[in-house]
Amino acid sequence: MVSLRGDMRVVAISDLHIDIAENRDWLAHLCDQAHDDEILILAGDLASKLSRIESGLALLARSYSQVFFVPGNHDLWVEAREPTDSLQRFREIQSICSTHGVAMRSRDILGEKGHRVVSISPLLSWYCEPDEGDLSLFLSKPGEDESLAMWADRVRIRWPDSLLSPASYFLGLNAINEAEDRDIPIISFSHFLPRQELIFSSSRDRVPFGGRGGDRAPRFNFSRVAGTVGIERQLRMLGSSVHIHGHQHRNRDRMIDGVRYVSHCLGYPQERAAAGISAKDVKPVEVFHY
């Protein structure tokens, strides 16, 4: 459990991609300041190199009161020459988080008098592709490349032969207890998307990201690798009032059937430039205040 003092905030962000120098500079500037009054949710895709994942998490853990993290697909990339696979990379990230006090499991946050104030639940996940059945978020797209040849996971993700369904494996690691006592807010988060609606922009978006310029990759169908309905089922079982996700590099903030879904990313420099956003103006978004 984590104890809050008065006037504490829970903030969230995803897709920092600190393999990129400009994004590393952003992170260093963010952590130049102490965030003792904030708990950070980091919804995946910190870096594709293990050394940078560790240095980034260590920096954030020193700056924030508590950091919660789940890996995204980029975090599990491995080089062809590396004698490892993506499942072993996941275990290495677990070890790094344990070393630096970064939470990958659910924790209740306590107030000054020891009462429960909010619960934060990381949901480990992966995406379901169309051939995996009704848990996929797939929607057909005219003119798409069904092979996903441009999708780097095809080369950079390597699972052991024994792992038949990465999505089922990671969802199975989540300890989901259907809550009867929902007298406090529950904030869940995943890297991947839980619902099809979240793929698309809406007039209800508070902060559209990268919304100008149309479809920059007409043959790429993101819905093939967006996420899984399995995440939605788990967050509903938890009784989440807020769910954070990342992955698509599009900011979203909307209510669907009583749950606030938030995506808030740093993303790539070219995406920020296309949207007219400066890196210095990007900050983790507040999702809870006590």
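The values are calculated or read from the model by the stated rules, or taken from the named source; none is laboratory data. Predicted model, so just to flag it, every value in this text is computed and none were measured. For neighbour counting, all protein chains shown are included, and Cβ atoms are generated from backbone atoms with ideal geometry for every residue, glycine included.
Quick notes on this structure:
Residue-by-condition table, conditions (1) acidic (D, E); (2) out of contact with any Leu (no Cβ under 9 Å at 6 or more places or on another chain):
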site: D25; (1), (2): yes, yes
site: A43; (1), (2): no, yes
site: S51; (1), (2): no, yes
site: S55; (1), (2): no, yes
site: S86; (1), (2): no, no
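- All positions within region 218-254 that are free of Cβ contacts under 8 Å to residues at least 60 places away in the same chain and aliphatic (A, V, I, L, M): V242
- Residue, surrounded by the fewest Cβ atoms within 10 Å (Cβ to Cβ), within region 255-282, restricted to residues that are within 28 Å of D108 (Cβ to Cβ) and in contact with a helix residue (DSSP H, G or I) (Cβ under 8 Å, 6 or more places away or on another chain): I256
- Yes/no for S140 being more than 21 Å from R195 (Cβ to Cβ) and either not hydroxyl-bearing (S, T, Y) or not in a strand (DSSP E or B) (or both): no
- When residues of region 166-216 are limited to those that are farther than 20 Å from Y261 by Cα and modelled with pLDDT of 95 or more, the one surrounded by the most Cβ atoms within 10 Å (Cβ to Cβ): F170
- So L76, is it without any contact (Cβ under 8 Å) to a residue 40 or more places away in the chain, within 20 Å of the chain's Cα centre (by Cα) and farther than 20 Å from H243 by Cα: no
- Odd one out for P83, checked against (1) touching a Ser or Thr at 6+ places or on another chain (Cβ under 7 Å); (2) surrounded by fewer than 17 Cβ atoms within 10 Å (Cβ to Cβ): (1)
- Identity of the residue in region 54-80, hydrophobic (A, V, I, L, M, F, W, C) and touching a His at 6+ places or on another chain (Cβ under 6 Å), that ends up surrounded by the fewest Cβ atoms within 10 Å (Cβ to Cβ): A58
- Restricted to region 44-78, and to residues there that are in a helix (DSSP H, G or I) and touching a strand residue (DSSP E or B) at 6+ places or on another chain (Cβ under 7 Å), the residue that is farthest from D153 (Cα to Cα) is S63.
- Of the residues making up region 160-174, just one is closer than 23 Å to P83 by Cα, among the hydroxyl-bearing types (S, T, Y) and either touching a His at 6+ places or on another chain (Cβ under 9 Å) or assigned to a helix (DSSP H, G or I) (or both), namely Y169.
- In region 104-127, the condition of being touching a helix residue (DSSP H, G or I) at 6+ places or on another chain (Cβ under 8 Å) and acidic (D, E) is met by no residue.
- In region 223-278, the residues that are over 21 Å from D183 (Cβ atoms), in a strand (DSSP E or B) and among the charged types (D, E, K, R): R252, D253, R254
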